[in-house]
Amino acid sequence: MFGKISFNRKQVTDIGIDKTLETISQEDIKKAIERVLKKEASARLKVFVETCMRCGMCTNSCHHYLGHEGDPTYAPAAKVKQTIWDILSKKGNVSKEDIKKYARIAFTECNLCRRCVQFCPFGIDIAYLISLVRRICCLIGVVPQYIYDQVLSHMQTTNMLWFRQDEWLDTIQWLEDELRTEIKNGKIPVGKKDAEVLYLAHGLEAKYMTGLLINMAKIMNVAKIDWTVPDTDGWDYTVKALYAQDLETIGKVIRTHYETALRLNVKRIVIGECGHAFRTAIYEGVRYLGWKEPPIPYIHGVQFFYELIRDGKIKIAKKIKEPVTIQDPCNIVRYRGMGKMLRYIVRELCENIVEMTPKDDHNYCCSAGGGMIDAGPPWKSARIEGGKVKAEQIRDTGAKIVIAPCHTCHKGIEDLNDYYKLGVHVKFLLDIIVEVMEIPEEMRA
Amino acid sequence: MEQFLKDPSIYTLARGPLVWIAFLVFFVGIFYRIWEVVKLAKKERIIYPYLSLKYTLRSITHWLIPYASISMRRHPWFTIITFVFHICLIFTPIFLLAHIELWYESWKIRWWSLPQSIADVMTLTVILCAILLLIRRVIQPDVRFLSTKGDYFALIITVLPFITGFLAHYELLLDYKIMLLIHFISGEIMLILIPFTRLSHMFLFWLIRAHTGSEFGAVRRSRDY
């Protein structure tokens, strides 16, 4: 009962962390810490660190703690203790080994889901403190390689996949051809001015998951939306720089999105089902650029589908009969209260809904968010272990389909499904809508 | 104060001038700390534009009512202990007859006081709760991992005036005057330390809840409780 508690982890090699640490100097570490903790952070850091009473109310709010059989080093406040408090108590004189530990905790043991904030009696924003640690690591250059590569891609191409502008245009062309095999005269307008809606795609929708972009095009065509996609870079709504806390790149990407929308003179931006992009576009990015609110409405897939169904722009032909459950992505539910809209849509699409407990804004994170899935294969077991409570939640519902309106939740839960043998199908709202919606006879090819 | 001038000794010093110094440091310290935080928060551009009175009040209400938050419902025992602890901790010294007598002696003001028996129960409750909190800190692994010397020190400093006050009143353990002297000094140390240690959560609580409550309610449209 009174044994010493220490930080024990399996060894994991990530060249973005290990190799970078070989090349940097003590000076680099000191400079980064000083810049972040002295210049960039101020009131929140000071007050949060001083007020925490070490009461442990946050401990069992965290899925990582619950997934590791009560290892106290996984508790939210413990992660702050082992990073920020440690840096402050060492007055910034930290070793490379320390940085390695901080990077591991900040990038692979916290999803920035902010559930612990709801459990703290003071409302201390633990996720903010962890993102400060990520910011320090990012300035040093110590970031999991898979995240860093995507950030570099964003810096140069504004998308996550090193896609060139002509490849994007080419992709849209052949996707339009595919669309026309199902929808008569189906169109994907490119760079159309004065349209109602500018649709931005997920990077993967242009490469590995093109089915999603075609499905979105089907909905746009059937609902007769006046829409367009960008004809330039900036078509990809993802912002992986958020995960590294590379604020400058966040600013660059988000600025490009809004500038593209303003150049095309559209009424609003619509994105698909993605959590982090929405959050960055309306919080981090906007705030970094010095705006209080987005300059034009930025609509998430869930909000968009809600409007389409509510206004009868798409009609549902038949409802899904199998039991479904709903995953509430942190970035749109805890961060934007879309739980009710999401449930409205699912009720319209499905007959048998079994809710997870807890649900809505108290739901557990899928354990893949906040960059953990983007940290790539070296860290897969970290998120599988952290996702234990999510897997149990899903198993308890007995549902056959999990609706996850977020790319990260989607992939994360698919991996949990494989590992914990849950026997479910993970689906986007988009997949289900296209499956059950009415396509008028005259529109069919 | 007059007693000290007539008969300067450690006892009269702790009973008179030191009390006023402690109160002065306590109030000035709190104002200084709040002013400091409010000024620093201006530098962080993202605090003030989003503050909302409605959601600040929503947040504070949910955290001042027992079991009004999911977190408190998940920790039923800890919640009841901390609530009782804080209520007794704040109200006992304010409404204790012996303290009011001292205010009357200096400023000729008095207010309603607790019957002695209830005051005794409340004092013992504070001590009991503190012991429970201390035990929890030692045996619960996640809390023990977080705890530092300062956390134990803060708990002891908070409860010491209650222990010594009770012992002095019933003339137990030590000579009445010596125990009273320890009571004065421990109370003064507690007042002086509140603005500058983690006990500052007494006033920082309201500021953080304003920020987090507004951020969750007005911006993120979800619950922070």
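Every read-out reported here was derived from the displayed coordinates using simple, explicitly stated rules and does not represent laboratory data. This one's a predicted model, so the numbers in the text were calculated from it and none came from an experiment. For neighbour counting, all protein chains shown are included, and Cβ atoms are generated from backbone atoms with ideal geometry for every residue, glycine included.
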Projected area, mean over directions - chain B, Cα convex hull, nm²: 15.1 nm²
Most mobile of B:Tyr55, B:Tyr170, B:Tyr11 per a Gaussian network model of chain B (Cα springs, under 10 Å)? B:Tyr170
With a ≥ b ≥ c from the Cα gyration tensor eigenvalues, square-rooted, and the rule rounded for a/c under 1.5, otherwise prolate when a/b > b/c and oblate otherwise, the range A:121-227 is prolate
Compute, for the range A:259-341, the length of the dipole vector about the Cα centre, with Cβ point charges of +1 (Lys, Arg) and -1 (Asp, Glu) only. Units Debye, rounded to 20. 300 debye
For chain A, what relative contact order do you get, as a whole percent, if you take Cα pairs closer than 8 Å and at least 6 residues apart? 17 percent
Along principal axes, Cα extents of the range A:32-162, largest first, whole Å: 45, 32, 26
Rounded to the nearest 5, what % of the DSSP beta bridges within the protein assembly as shown are antiparallel ones? 10 percent
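Below 8 Å between Cα atoms, with a sequence gap of 6+, how large is the relative contact order for the range A:315-436 in percent?
With pairs under 8 Å counted, the relative contact order is 32 percent.
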Charge sum, other residues only, whose C-beta stays under 13 Å from B:Glu36's C-beta, Lys/Arg counted +1 and Asp/Glu -1: +4
Let me test this: with uniform point scatterers at the alpha carbons of the range A:403-445, what is the Debye-based log₁₀ I(q)/I(0) at q = 0.31 1/Å? -1.04
Other chains near A:73-82: what is the mean number of their Cβ atoms within 10 Å of each residue's Cβ? 2
Calculate the length of the line joining the C-alpha centroid of the range B:138-198 to that of the range A:268-291, in whole Å. 49 Å
With charges only on Cβ, +1 for K and R and -1 for D and E, what is the dipole size of chain B about its Cα centre, in debye, rounded to 20? 1260 debye
A correct fewest-to-most ranking of A:Trp168, B:Trp107, B:Trp206, A:Trp235 by other Cβ atoms within 10 Å would be B:Trp107, B:Trp206, A:Trp168, A:Trp235
Evaluate the Debye formula for the protein assembly as shown with equal point scatterers sitting on the alpha carbons, no solvent, and hand back log10 of I(q)/I(0) at q = 0.08 Å⁻¹, in q order, two decimals. -0.67
Pick out, from B:Val126, B:Val19, B:Phe166, the residue whose Cα sits farthest towards the positive end of the charge dipole of the range B:7-219, with +1 on the Cβ of Lys and Arg and -1 on the Cβ of Asp and Glu. B:Val126
Selection from A:Met160, A:Ala78, B:Ser117, by position along the positive dipole direction of the protein assembly as shown (Cβ): B:Ser117
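Within the set of other residues whose C-beta is less than 14 Å from the C-beta of A:Phe428, count the net charge using Lys and Arg as +1 and Asp and Glu as -1.
Neighbour charge sum, excluding A:Phe428 itself: -2.
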Sort B:His201, A:His410 so the one with the fewest other Cβ atoms within 10 Å of its own Cβ comes first. B:His201, A:His410
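Could you give the alpha-carbon Rg of the range B:1-114 over 2.2 N^0.38 Å, rounded to two decimals?
1.54
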Charge tally in the Cβ shell below 10 Å around A:Arg444, where Lys, Arg are +1 and Asp, Glu are -1, A:Arg444 excluded: -2
Going by a ≥ b ≥ c, the root eigenvalues of the Cα gyration tensor, does the range A:85-155 fall in the rounded group (a/c under 1.5), the prolate group (a/b larger than b/c) or the oblate group? oblate
Place +1 on the Cβ of every Lys and Arg and -1 on the Cβ of every Asp and Glu in chain A, take the dipole about the Cα centre, and give the residue among A:Ile29, A:Thr280, A:Ala404 whose Cα lies farthest towards its positive end. A:Ile29
Cα gyration tensor category, rounded, prolate or oblate, for the range B:127-225 with a/c compared to 1.5: prolate
If you take every DSSP beta bridge whose two residues both sit in the range A:305-445, what share of them, in percent to the nearest 5, is antiparallel? 10 percent
To the nearest 10 degrees, how steep is helix B:176-193 against the longest Cα principal axis of chain B, on a 0 to 90 scale? 30 degrees
Can you tell me, using C-alpha contacts under 8 Å and at least 6 residues apart, the relative contact order of the range A:150-299 as a whole percent? 28 percent
To the nearest 20 debye, the range A:79-169 has a Cα-centred charge dipole, built from +1 on Lys and Arg Cβ and -1 on Asp and Glu Cβ, of 460 debye
Each residue of B:146-155 has, on average, a number of other protein chain C-beta atoms within 10 Å of its C-beta equal to 3
Under a straight-distance cross-link criterion of Cα-Cα below 12 Å, which aspartates and glutamates are reachable from A:Lys318, leaving out those fewer than 8 residues away in the same chain? A:Glu348, A:Glu351, A:Glu435, A:Glu438
In Å³ per residue, the alpha-carbon convex hull of the range A:223-359 encloses 126 Å³
Pop out the ³J(HN,Hα) list for the range B:57-73 in order, Karplus 6.51 cos²θ - 1.76 cosθ + 1.60 with θ = phi - 60°, rounded to Hz; leave Gly and Pro as x. 5, 4, 5, 5, 4, 5, 9, 9, 9, x, 6, 8, 10, 4, 4, 5, 5
Need one number: nm distance between label points at A:Ser6 and A:Trp291, each 7 Å from Cα along Cα→Cβ, rounded to one decimal. 5.2 nm
Please state, to two decimals, what the Cα-based radius of gyration of the range A:150-299 comes to when divided by 2.2 N^0.38 Å (N = residues). 0.99
Which lysines, on any chain, are close to A:Lys218 with Cα under 16 Å apart, when same-chain ones fewer than 8 places away are left out? A:Lys184, A:Lys187, A:Lys313, A:Lys315
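Ignore the peptide's own chain and count Cβ atoms of other chains within 10 Å of each Cβ in A:34-46; give me the average, rounded.
The shielding value for this peptide is 3.
For B:Arg74, B:Arg58, A:Arg343, which order do you get if you count the other beta carbons within 10 Å of each Cβ and list the fewest first?
Ascending Cβ contact count within 10 Å gives the list B:Arg74, A:Arg343, B:Arg58.
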In the structure shown, do any of A:Lys79/A:Lys427; A:Lys10/A:Lys101; A:Lys267/A:Lys411; A:Lys4/A:Lys79 have a Cα-Cα gap over 22 Å, and if so which? A:Lys79/A:Lys427; A:Lys267/A:Lys411
Compute the projected area of the convex hull of the Cα atoms of the range A:315-436, averaged over all viewing directions, and report it in nm² to one decimal place. 6.9 nm²
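Applying a 10 Å radius around every beta-carbon, put B:97-103, A:152-158 in order of their mean neighbour count, most first.
A:152-158, B:97-103
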